[in-house]
Amino acid sequence: LAKQGGQNHLQFYVASIDQEIRNRKQLERDLSQALTNHQFHLVYQPQINLESKRVIGAEALLRWEHPTRGLVPPDDFIPVAESNGSIVEIGQWVLEQACWQAARWASVGTPLRIAVNLSAVQLRQETIVDDILETLERHNIPAGRLELEVTETSFMTNLAEAVEKLHQLHRAGISIAVDDFGTGYSSLTYLKQMPVQHLKIDKQFIRDLLVNEEDTRIANTIIDLGRSLNLSVVAEGVETAEQEYYLSQRGCQLAQGYYFSKPLPPREFEAFITHFHEKIVENNA
Ligand code: C2E
Ligand code: MG
Ligand code: MG
Ligand code: MG
């Protein structure tokens with residue numbers, strides 16, 4: 001009986017792996033159609049200067065509206081796009097769209113800095129630096145208005161090449177942020193070699209800030225590291241007034257998170273800024 005049960009279990013297991021492979025294949029097929037079928041859009045999350053309480057920029061985040069599944073989270077499809085290489089084309093679309101939006105905001109008197117996530121796979125492309133600079137130029141966006149968010153994995157394969165490309169981007173005036181700092185294979189050697197200006201504290205350390213002593217210490221350490229290396233520190237995933245207060249007292253300059261706003265479609269983002277800044281003026285009056 002036990003044997004039979006085991007066999008059933010094994011069959012069930014094989015069937016579920018088979019199902020998983022089919023799901024993944026289907027996801028890849030759907031993903032390959034997503035660009036042409038206009039299923040992507042960007043949402044923008046405000047980044048707030050904790051001292052001036054002003055919105056200084058926005059992070060562009062990709063959304064995929066699947067025709068039957070609904071909204072697919074980036075954490076579910078970006079890794080797939082990275083493994084089959086389609087992130088190169090998708091990433092170029094993201095940059096294009098973000099620059100278009102930045103140009104529009106500038107034209108109505110709101111020149112904001114836009115942060116775009118750059119995959120390690122994109123950074124490995126031979127033409128990536130030229131592609132980025134050409135896109136900025138075409139949309140008439142000063143390089144200083146673009147920030148690229150890279151993760152520590154970008155530095156791992158072919159360090160020298162990554163360093164060289166980031167230096168070229170930096171020399172052109174683009175700023176570089178290390179995203180999800182502290183979760184990857186950080187090495188202080190990378191930080192020393194990279195032309196990096198911002199560290200983003202991963203939201204996993206912010207979630208239990210002030211509740212979990214270890215997380216609090218890690219956040220403190222990143223803030224101190226930023227100060228000593230002269231990098232500005234951005235806390236991501238700030239959800240409460242207590243977290244915001246603590247971070248600003250502790251010397252973290254920038255923050256983003258649901259406490260201020262979720263990532264928003266452009267119209268709502270514009271309304272958010274207006275309202276947020278009116279509130280500051282009121283509070284100061
Ligand atoms: P990320 O770049 O670290 O982005 C931060 C994530 O935290 C976003 O998730 C954002 O919506 C979420 N978030 C912001 N504030 C809060 C908060 O207060 N609480 C919580 N719980 N979450 C918060 P999202 O939009 O689902 O994106 C997930 C990841 O997907 C991003 O992490 C980034 O690695 C990747 N991604 C998104 N868009 C792009 C893109 O255009 N290109 C590439 N290569 N990756 C992207
Ligand atoms: Mg990011
Ligand atoms: Mg992040
Ligand atoms: Mg993240």
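The values are calculated or read from the model by the stated rules, or taken from the named source; none is laboratory data. Everything quoted here is computed from the prediction, not taken from an experiment. Please note: Cβ atoms are built from the backbone with ideal geometry, for glycine as well, and neighbour counts cover all protein chains shown. Surface accessibility is based on the protein's heavy atoms, side chains included, excluding ligands, DNA and RNA. Shrake-Rupley method; radii C 1.70, N 1.55, O 1.52, S 1.80 Å.
In this structure K25 has an accessible area near 120 Å², from a 1.4 Å probe over the protein heavy atoms.
Could you work out the helix-only [θ] at 222 nm for the chain, with each DSSP H run of four or more residues adding -39,500 (n - 2.57) and the total divided by the number of residues, to the nearest 500 deg cm²/dmol? Could the numbers behind the result be given before it?
On the way: 12 runs with 153 residues, N = 285.
Per the formula, -17000 deg cm²/dmol.
When a 1.4 Å probe is rolled over the protein heavy atoms, the share of accessible surface on segment 158-285 that falls to carbon and sulfur comes to 50 percent.
Model label sites at D130 and L210, defined 7 Å from Cα along the beta-carbon direction, differ in position by 5.1 nm.
When the solvent-accessible surface of protein heavy atoms is calculated with a 1.4 angstrom probe, in what order do H277, H9, H41 fall, highest first?
Numbers: H277 30, H9 125, H41 70 Å².
Descending order: H9, H41, H277.
Can you give the Rg to Rh ratio of the chain, both from alpha-carbon atoms, with Rh computed by the Kirkwood formula? Present the calculation step by step, with values, prior to reporting the outcome.
Working: Rg = 21.0 Å, Rh = 20.6 Å.
With Rg and the Kirkwood Rh in hand, the quotient comes to 1.02.
Assuming charge only on the beta carbon of Lys and Arg (+1) and of Asp and Glu (-1), the dipole of segment 175-285 about its Cα centre is about 340 debye to the nearest 20. With the simple spin-label model, which puts each label point 7 Å out from Cα in the Cβ direction, the S16 to T240 separation comes to 3.5 nm.
To the nearest whole percent, what portion of all C-alpha pairs in segment 162-285 is separated by more than 23 angstrom? Before the final figure, lay out the partial values.
Values: 3098 of 7626 pairs.
Taking all Cα-Cα pairs of segment 162-285, the fraction more than 23 Å apart is 41 percent.
In percent, what relative contact order does segment 6-103 have, based on Cα pairs under 8 Å that are 6 or more apart in sequence?
On the way: 74 pairs, mean separation 20.2, N = 98.
Once divided by the residue count of segment 6-103, the mean separation gives 21 percent.
For the chain, the relative contact order comes to 17 percent (Cα pairs under 8 Å, sequence separation of at least 6).
Too long at a 21 Å Cα-Cα cut-off: which of K192/K262; K165/K192; K200/K279; K165/K203?
Working: K192/K262 33 Å; K165/K192 15 Å; K200/K279 26 Å; K165/K203 27 Å.
Over 21 Å apart, Cα to Cα: K192/K262; K200/K279; K165/K203.
Each of N8 and T36 was given a label point 7 Å from its Cα along the Cα-to-Cβ line. The distance between the two points is 4.6 nm.
Per-residue accessible area (protein heavy atoms, 1.4 Å probe) orders E149, E51 as E51, E149, starting from the largest. Entry comment: accessible area of the chain is 54 Å² per residue, from protein heavy atoms only and a probe of 1.4 Å.
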